[in-house]
Amino acid sequence: MRIISYEIDGKPSLGVLTGDATFVAAHELDAALPRTLDALLQQPDGLDRLRRLASGVEGNHRLDGVTLTLPLRQPHGFWALALNFKTHIQETGLTTSLEHPQIFLRVPASFVPPGAPLVAPPPDVARAFDYEGELGVVIGRGGRHIPIERALEHVAGYCAVNEGSVREFQRHNRQFGLGKNFEKSGSYGPWLMTADEFGNPAAHSLVTRLNGVERQKAPLDDMLFSVEAVIHYLSVGYALRPGDVIAMGTSGALPPAADDIAGNDLSLQVGDGPGKKIPGRVHMRAGDEVEVEITGLGVLRNPIVADVPAVYRPD
């Protein structure tokens, strides 16, 4: 089941895709159903109820007739992993623990909906605005000290994530902090695919494209720490809650083809640390379009626009 979040007449709404172009509105199936995914996940039988009601129903709305919102209005926590793909560790030359995942937090306000523009910082603020295609894991059942062998029982479903990062600000100190939380720098969606339909995460793969060119491509079994291991680890210190999201880290850059000018021209890159530049990595710029595709799940697309100049802007 693929669940979309959207707004109609100023009200949040949920829909279930009945094909790649059509959906049925949840509130039309049962007016008593919650109108947000956050609220639906709070109900232990919420997903099952929606699945039963939508089963066999033909879609009476077109997907291109609505504007998608973020799947969750306010995740309890948006956890993210650094250096969790072996290819990314190899290309950066950075070291990380082989025993404990490297985890940081993103603020939900730093994300924009599927299809909405990501905002590239002004060049005098930062130039290394990078895509990070990732698998997003949405928790549907809370818990503490969750055993690895039962971890997937706590997953509601999966989505694609573009965990857009501003590298210069990441390197300001030991905490990734602001470099991972720039205004309108990331996105996730385009919908939630429930765990029963997605299946084993390790059996899937991920591709990130910038302007149609593949820049990342990796099987999800290249992850150093699996979805199950990360859920277990987080739950040791934190009681996971329905609506928590975990972004599972990004892969290394795909080596550029010989005729790939942007991928081979390292002079266009802002290096990681003293002179570290990676063939095939291309920073996002205004006018670009970025796509993150996960096999079987779908494609998350966002255009890139320029932020306004860095001047004082009181709200």
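Dipole magnitude for the chain: about 660 debye, using +1 per Lys or Arg Cβ and -1 per Asp or Glu Cβ, origin at the Cα centre.
Would you calculate, for the chain, the mean residue ellipticity at 222 nm contributed by helices, counting each DSSP H stretch of 4 or more residues as -39,500 (n - 2.57) and dividing by all residues, to the nearest 500? Walk me through the numbers before you get to the answer.
Working: 8 runs with 49 residues, N = 315.
The helix contribution divided over the chain gives -3500 deg cm²/dmol.
Our note on the geometry: Cα centres of segment 1-79 and segment 172-211, 20 Å apart. Restricting the trypsin sites (Lys or Arg not before Pro) of segment 46-149 to loop positions (DSSP other than H, G, I, E, B) with no more than 16 neighbouring Cβ atoms within 10 Å leaves Arg73, Arg141, Arg144. For segment 106-169 versus segment 270-313, the spacing of their alpha-carbon centroids is 14 Å.
If you average the sequence gap of Cα pairs under 8 Å that are 6 or more apart and divide by the length of segment 164-276, what percent do you get for the contact order?
In percent, rounded to a whole number, it is 17.
Within 10 Å of each candidate Cβ there may be at most 13 other Cβ atoms; applying that plus a DSSP loop requirement, which GluC sites (Glu not before Pro) in segment 1-84 survive? Listed in order of number, the matching sites are Glu58. Sites counted here are chymotrypsin sites (Phe, Trp or Tyr not before Pro) in a DSSP loop (not H, G, I, E or B) having no more than 15 other Cβ atoms within 10 Å; the longest part of the chain that contains none of them is 1-237.
What does the charge count near Val137 come to, summing +1 for each Lys or Arg and -1 for each Asp or Glu among other residues with Cβ under 11 Å from its Cβ? Result for the local shell: -3. Of all aspartates and glutamates in the structure, the ones whose alpha carbon falls short of 17 Å from that of Lys86, not counting any fewer than 8 places away in one chain, are Glu99, Glu132, Glu134, Asp221, Asp222.
Within segment 195-252, none of the GluC sites (Glu not before Pro) combine a DSSP coil assignment with at most 14 other C-beta atoms in a 10 angstrom radius. Residues in segment 192-200 carry Karplus couplings, in order, of 9, 9, 5, 4, 5, 7, 6, x, 6 Hz; the curve used is 6.51 cos²θ - 1.76 cosθ + 1.60 with θ = phi - 60°, and Gly or Pro positions show x.
Projected onto their three principal axes, the Cα atoms of the chain cover extents of 58, 44, 42 Å, largest first.
Where a number appears in this text, it was derived from the coordinates with a stated rule and is not lab data. These numbers come from a predicted model, not from an experiment. Cβ atoms come from the backbone with ideal geometry, glycine included; neighbour counts cover every protein chain shown.
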